[in-house]
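Student: Below is one structure. I have some questions about it.
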Amino acid sequence: MVTFLSGGTGTPKLLSGTEDVFSPEETTVIANTGDDIELGGLFVSPDVDTVLFERGGALDRETWWGMEGDTHETDEFLFELAESAGLEDGPRYLSDERQTAGREIARWRRFSGIAEFMTIGDKDRAVHITRTSLLDEGHTLTEVTRTLADAFGLEIDLVPMSDDPLATIVHTPDGPMHFQEFWVARRGEPTIEDVEFRGEACSTPAVREALGDRVVIGPSNPVTSIGPIRAVEGVEEALVEAPVVAVSPFVENRVFSGPAGDLLAATGYEPSTAGVAEAYPFVDAFVLDSADGTDLNRPVVHTDTAMDSPEDGVRVARAVDEALSEVT
Ligand code: GDP
């Protein structure tokens, strides 16, 4: 058995090659849900969906979000309507009172659907409607995610990190904002002062069971993808106990993509593989790029960690397997 902790880009790239190395029936993926938001009444779970679409053969691999070949008629008409009605652009937060009313899972991350600031395709939207409707019918996020995973034909077990709300809030000189406002609406431009995981989330039986196995932290953002998972009650202790291998999202101090460097620096770590290793004291072995000469006091397996195709994912998954064999 093996369990991957995943955000929405680096680890899903690795997952695209894992089935050649780790049997899908014995693989669990715990996805970050700190990035989730409610948008126009729909509960959107971006990291869960990237894994869902990737493993279900439906992902748009150019963007690493959304579904391949999706249309955007609803999205486009929403903008047309907002413009005709003279409604100002999003993101438009609902009032403070509304942030903690209604569906508990969407606390502190509730946005109006006017001039949506995220691009949501028509088929993609159908997934959010199904997820939200099942949540409203009384199912947990874990149950709903598994139902969607069955619909997409997943062989791995995909679960959210918690059934409770935990919102990733980035503090900036412009004030606190949800990670999706920071990253999608403001393109990561505001200066990061601090990162907060708002809420007290409990781990689920599925997560606790999965963390009893070997754990792999893919090359995901240590602060805003893995940080929220670690903030779920019981997870950090389980990671200390489990054999854990992590793949660096850096080659020394060069990040492959995204805001991981700025986020690490803002939270007191060097924006580099060395900083990732310092942020992950519970990790027993690392997979680093062949060009990454960072000297770590833990076992290291080197390979080319750039992943542009499923074949690249297979190569990195083999390195992960080798690293796991050194610590189990
Ligand atoms: P997010 O939810 O979209 O932020 O995605 P993740 O947290 O799962 O992944 C973001 C991280 O993936 C970034 O820090 C990148 O450096 C890393 N990344 C993206 N592509 C690659 C790749 O091909 N190889 C490696 N090693 N890391 C990658």
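Student: Given charges of +1 on the Cβ of Lys and Arg and -1 on the Cβ of Asp and Glu, with all other atoms neutral, how large is the dipole of region 207-306 about its Cα centre, in debye to the nearest 20?
Tutor: 120 debye
Student: Mean separation of Cα pairs under 8 Å and 6+ residues apart, divided by the residue count of the chain: what relative contact order is that in percent?
Tutor: 21 percent
Student: Counting Lys and Arg as +1 and Asp and Glu as -1, each charge on the Cβ, what is the dipole of the chain about the Cα centre in debye, to the nearest 20?
Tutor: 320 debye
Student: For residue 158, which sequence-distant residues (separation of 5 or more, or a different chain) have an amide H within less than 5 Å of its own amide H, given hydrogens modelled in the peptide plane?
Tutor: Under 5 Å from the amide H of residue 158 lie the amide H atoms of 29, each far enough along the sequence or on another chain.
Student: Stretch residue 213-residue 71 to full length: gain in nm at 0.36 nm per residue minus the Cα-Cα span?
Tutor: 47.1 nm
Student: At residue 191 and residue 83, where each label point lies 7 Å from the Cα along Cα→Cβ, what is the point-to-point distance in nanometres?
Tutor: 3.6 nm
Student: May I ask for the distance between the Cα centers of region 114-156 and region 204-248, given as a whole number of Å?
Tutor: Region 114-156 and region 204-248 have Cα centres separated by 23 Å.
Student: How much net charge surrounds residue 134 when only the other residues with a Cβ under 14 Å from the Cβ of residue 134 are counted, with Lys and Arg +1 and Asp and Glu -1?
Tutor: Around residue 134, the charge tally is -2.
Student: Can you list residues whose amide H is under 5 Å from residue 270's amide H, if they're 5+ apart or on another chain and H is modeled 1.01 Å from N?
Tutor: So residue 270 has HN proximity to 275.
Student: For residue 308, put the label point 7 Å out on the Cα→Cβ axis and report which residues of region 251-277 keep their amide N under 20 Å from it.
Tutor: Correct set: 251-252, 254-258.
Student: Shifting gears a bit: How high is the relative contact order of region 237-290, in percent, counting Cα pairs under 8 Å that sit 6 or more residues apart?
Tutor: So the answer I get is 47 percent.
Student: Under a crude label model (7 Å from the Cα following the beta-carbon direction), how far is residue 327 from residue 103 in nanometres?
Tutor: 3.5 nm
Student: From the C-alpha gyration tensor of region 1-149, pull out the three semi-axes of the equivalent ellipsoid (sqrt of 5λ each), sorted largest to smallest, in whole Å.
Tutor: 29, 19, 12
Student: Give me, ordered by chain and number, the residues 5 or more places off residue 301 or on other chains with an amide H under 5 Å from its own placed amide H.
Tutor: 286, 287, 288
Student: Kindly write out, for region 235-245 in residue order, the coupling ³J(HN,Hα) from the Karplus curve 6.51 cos²θ - 1.76 cosθ + 1.60 (θ = phi - 60°), rounded to whole Hz, with x marking Gly and Pro.
Tutor: Those phi angles translate into 6, 4, 4, 5, 5, 5, 6, 7, x, 10, 10 Hz.
Student: Please state the charge dipole magnitude for region 1-117, taken about the Cα centre, from unit charges on C-beta atoms (+1 on K and R, -1 on D and E), reported in debye and rounded to the nearest 20.
Tutor: Once rounded to the nearest 20, the dipole reads 500 debye.
Student: Also: Determine, at each q value in 0.09, 0.14 (inverse angstroms), the log₁₀ of I(q)/I(0) that the Debye formula gives when each Cα of the chain is one equal point scatterer.
Tutor: -0.44, -1.10
Student: Related question: Provide the per-residue ³J(HN,Hα) series for region 260-272, in order, calculated from phi with Karplus coefficients 6.51, -1.76, 1.60 and θ = phi - 60°, each as a whole number of Hz, with x at glycine and proline positions.
Tutor: So the J values, rounded to whole Hz, are 4, x, 4, 5, 5, 4, 5, 9, x, 10, 5, x, 6.
Student: Calculate for the chain the 222 nm mean residue ellipticity that helices alone would give, adding -39,500 (n - 2.57) per DSSP H run of length 4 or more and normalising by residue count, nearest 500 deg cm²/dmol.
Tutor: Roughly -9500 deg cm²/dmol at 222 nm, from the helical runs in the chain.
Student: What net charge is computed for the residues neighbouring residue 158, neighbours being all others with C-beta under 11 Å from the C-beta of residue 158, Lys and Arg scored +1, Asp and Glu -1?
Tutor: That works out to -4.
Student: From the backbone phi of region 56-72, what are the Karplus-calculated ³J(HN,Hα) couplings (6.51 cos²θ - 1.76 cosθ + 1.60, θ = phi - 60°) in whole Hz, Gly and Pro given as x?
Tutor: x, x, 10, 6, 6, 7, 6, 9, 6, 8, x, 9, 4, x, 5, 9, 10
Student: Using the count of nearby Cβ atoms within 10 Å as a rough guide to exposure, how do 64, 108 rank from fewest to most?
Tutor: If I rank by nearby Cβ atoms, fewest first, I get 64, 108.
Student: Right, here's the next one. First select every other residue whose beta carbon is under 11 angstrom from the beta carbon of residue 176; then total the charges, Lys and Arg +1, Asp and Glu -1.
Tutor: Charge balance near residue 176 sits at -4.
Student: Let me ask another. Using a 10 Å cut-off on Cβ atoms, rank the peptides 213-226, 44-57 from the highest mean neighbour count down.
Tutor: Most protected by this proxy first, the peptides run 213-226, 44-57.
Read-outs: derived from the displayed coordinates by stated rules, not from any lab. Quantities reported herein were computed from a predicted structural model and do not represent experimental measurements. Backbone-built Cβ (ideal geometry, glycine too); neighbour counts: all protein chains shown.
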